[in-house]
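Q: A single structure is presented below for examination.
The values are calculated or read from the model by the stated rules, or taken from the named source; none is laboratory data. The model shown is predicted, which means the values in this text are computed figures rather than measured ones. In this analysis, Cβ positions are derived from the backbone assuming ideal geometry, glycine residues included, and neighbour counts consider all displayed protein chains.
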Amino acid sequence: MSKYFSIRYKNLHPYTPGEQPQDQQYIKLNTNESPFPPAPAVLDAAAEAAENLQLYSDPRSLELRRAIAKEHGLSALNVAVGNGSDELLNFAFIAFGNKKAAFTYPSVTYGFYSVCLNVNTVARRSIPLKEDFTIDPAEYLDLGTNIVLANPNAPTGLLLSVEQIEQIVAANPDHVVIVDEAYIAFGGETCIPLVKKYPNLLVLRTFSKSHSLAGARLGYAIGQKDLIADVNKVKNCINPYNINRMTAACGIAALEAEDYYQQNIQTIMDNRNFTALALRRRGFEVLPSAANFLLVKPDFCTGEALYEGLKDRGILVRHWKTSRIAGWCRITIGTIEQMTKLIGAIDQMMAEKTEG
Ligand code: PMP
């Protein structure tokens, strides 16, 4: 830390992203990216947009917002776009939180929530998950704080129903409820239709996972127009041109290639079933996931040993040392070839353990 670093930030704890090795020698099953490339039309759209990079992008991202709105039968006024949904989380925490207006979230969830609330000096509290890692909606009624929930939750992959989400949103009318649907495409039902009924609901989505655009950085928020205007007001104070020309073009083209992405999503769901079955047969505990990852607990070694053993064999998965999930690893679902290699590596580790 330099002597110039602001004193108010001296206790910052930055988010730790999953490893991003810059060589290609690992099978990357650690950051929930899609194993499939963007649709060919998306690459063409990015190349075409690159021809005008001397010009700023549209600060209102109108064409992109209109395309997203159309997808959900809404208007562009119901849509804000961000440099990844992470940026929208930041804008929303600034817009709706402060030292008194806290945000509540589950004790095991996406780690960026607490980090980003902290840097914005927004008060925060967490509610422990149930013993079986589920969220009990009854514990989120009339909380007196804003709420942020990932649905499905990360890294558990466990899903709340639209009815359960509605129960929470309806029971907190004086506070904003952010529902982060980063992984909803992999088997969940979206709560976007509830936006028409509830002025306090903000739904976040991303193109990073189901639409193979993690590197383009594109997310969006859906809500009633006043809530969206608040998010955009903050956006215009922090990063008015937050969506670059290539990313905007990619997003529009991706929405037009929905068949391609739906096929990939189906393949990932099939590969998830294959992997869950193979791991359960090998004595693993596997949470029922509605996302493109599985949270799994081996019985032949610790979570950390599984992470290390797989890394030694060229496969990266995610492990957290925090106590509640220390025995577990999160494995992103890749292609069937990648998942077969994963199972092969686990068989090797189990055989070595038996021999040893
Ligand atoms: N929400 C959740 C639950 C996530 O796991 C992630 C990915 N790390 C994000 C939001 C952010 O995604 P992005 O910024 O790539 O849209």
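Q: Which one of these does residue 15 not meet: (1) surrounded by 11 or more Cβ atoms within 10 Å (Cβ to Cβ); (2) not in a loop (DSSP other than H, G, I, E, B)?
A: (2)
Q: Can I ask one more? For the range 70-83, give me each residue that is within 16 Å of the ligand (Cβ to nearest atom) and either crowded, with 24+ Cβ neighbours inside 10 Å or closer than 11 Å to residue 222 by Cα (or both).
A: Selection gives 79, 80, 81, 82.
Q: Just give me the residues in the range 55-77 being in a loop (DSSP other than H, G, I, E, B) and touching a strand residue (DSSP E or B) at 6+ places or on another chain (Cβ under 8 Å), in sequence order.
A: Across the range 55-77, the qualifying residues are 61, 72, 74.
Q: Now, a different point. Would you point out the residue of the range 253-264, among those that are of a type in the set (A, V, I, L, M) and crowded, with 18+ Cβ neighbours inside 10 Å, that is nearest to the chain's Cα centre (by Cα)?
A: That would be 254.
Q: Here are some residues: 49, 45, 41. Which one is more than 16 Å from the ligand (Cβ to nearest atom) and surrounded by fewer than 19 Cβ atoms within 10 Å (Cβ to Cβ)? Before you say what the answer is, go through the steps one by one.
A: Details: 49 fails: surrounded by fewer than 19 Cβ atoms within 10 Å (Cβ to Cβ); 45 fails: surrounded by fewer than 19 Cβ atoms within 10 Å (Cβ to Cβ).
Only one candidate qualifies: 41.
Q: So residue 250 passes all but one of these: (1) within 12 Å of the ligand (Cβ to nearest atom); (2) touching a Leu at 6+ places or on another chain (Cβ under 8 Å); (3) not basic (Lys, Arg). Which condition number does it fail?
A: (1)
Q: With 238, 243, 268 as the choices, which residue is over 17 Å from residue 343 (Cβ atoms), surrounded by 20 or more Cβ atoms within 10 Å (Cβ to Cβ) and modelled with pLDDT of 95 or more?
A: So the residue among 238, 243, 268 that is over 17 Å from residue 343 (Cβ atoms), surrounded by 20 or more Cβ atoms within 10 Å (Cβ to Cβ) and modelled with pLDDT of 95 or more is 243.
Q: Specify which of the listed residues (138, 150) is within 27 Å of residue 322 (Cα to Cα), of a type in the set (A, V, I, L, M, F, W, C) and over 20 Å from the mean Cα position of the chain (by Cα).
A: Exactly one of 138, 150 is within 27 Å of residue 322 (Cα to Cα), of a type in the set (A, V, I, L, M, F, W, C) and over 20 Å from the mean Cα position of the chain (by Cα), namely 138.
Q: Filter the range 120-137 for residues that are among the aliphatic types (A, V, I, L, M) and surrounded by fewer than 17 Cβ atoms within 10 Å (Cβ to Cβ) and give the result.
A: 123, 127
Q: Let me ask something else. Can we say residue 154 is surrounded by 18 or more Cβ atoms within 10 Å (Cβ to Cβ), modelled with pLDDT of 95 or more and outside the structural domain of residue 31 (by TED's automatic domain parsing)?
A: Against the criterion (surrounded by 18 or more Cβ atoms within 10 Å (Cβ to Cβ), modelled with pLDDT of 95 or more and outside the structural domain of residue 31 (by TED's automatic domain parsing)), residue 154 qualifies.
Q: Quick test of your reading of the structure: residue 133 fulfils all but one of (1) at pLDDT 95 or above; (2) away from the ligand (no atom under 16 Å from the Cβ). Name the failing condition by number.
A: (2)
Yes/no matrix, rows are residues, columns are (1) outside the structural domain of residue 68 (by TED's automatic domain parsing); (2) in a helix (DSSP H, G or I):
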residue: 230; (1), (2): no, yes
residue: 233; (1), (2): no, yes
residue: 240; (1), (2): no, no
residue: 273; (1), (2): yes, yes
residue: 283; (1), (2): yes, no
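Q: Just give me the residues in the range 299-319 being free of Cβ contacts under 8 Å to residues at least 40 places away in the same chain, assigned to a loop (DSSP other than H, G, I, E, B) and in contact with a strand residue (DSSP E or B) (Cβ under 8 Å, 6 or more places away or on another chain), in sequence order.
A: Within the range 299-319, 299, 319 meet the criteria.
Q: Right, here's the next one. Tell me which of these residue 200 doesn't satisfy, since it passes every other one: (1) within 21 Å of residue 248 (Cα to Cα); (2) over 12 Å from the mean Cα position of the chain (by Cα); (3) among the polar types (S, T, N, Q).
A: The number of the failed condition is (1).
Q: Of the residues 26, 56, which single one is in the same structural domain as residue 318 (by TED's automatic domain parsing) and surrounded by 11 or more Cβ atoms within 10 Å (Cβ to Cβ)?
A: Answer to the check: 26.
Q: Additional query: Please state which of the following conditions residue 67 fails to meet, knowing it meets all the rest: (1) surrounded by fewer than 20 Cβ atoms within 10 Å (Cβ to Cβ); (2) closer than 30 Å to residue 287 by Cβ; (3) under 23 Å from the mean Cα position of the chain (by Cα); (4) touching a residue at least 12 places away in the same chain (Cβ under 8 Å).
A: For residue 67, the failing item is (2).
Q: Against the conditions (1) touching a helix residue (DSSP H, G or I) at 6+ places or on another chain (Cβ under 6 Å); (2) surrounded by fewer than 24 Cβ atoms within 10 Å (Cβ to Cβ); (3) under 19 Å from residue 65 (Cα atoms), where does residue 196 fall short? Just the number, please.
A: Going through the list (1) touching a helix residue (DSSP H, G or I) at 6+ places or on another chain (Cβ under 6 Å); (2) surrounded by fewer than 24 Cβ atoms within 10 Å (Cβ to Cβ); (3) under 19 Å from residue 65 (Cα atoms), residue 196 breaks only (1).
Q: Please work out which residue is farthest from residue 117 (Cα to Cα), limiting yourself to the range 1-36 and to residues that are at pLDDT 90 or above and in contact with a Ser or Thr (Cβ under 6 Å, 6 or more places away or on another chain).
A: Ranking the qualifying residues of the range 1-36, first place goes to 36.
Q: One residue is enough: does the range 132-146 have a residue meeting the conditions within 22 Å of residue 291 (Cα to Cα) and hydrophobic (A, V, I, L, M, F, W, C)?
A: yes
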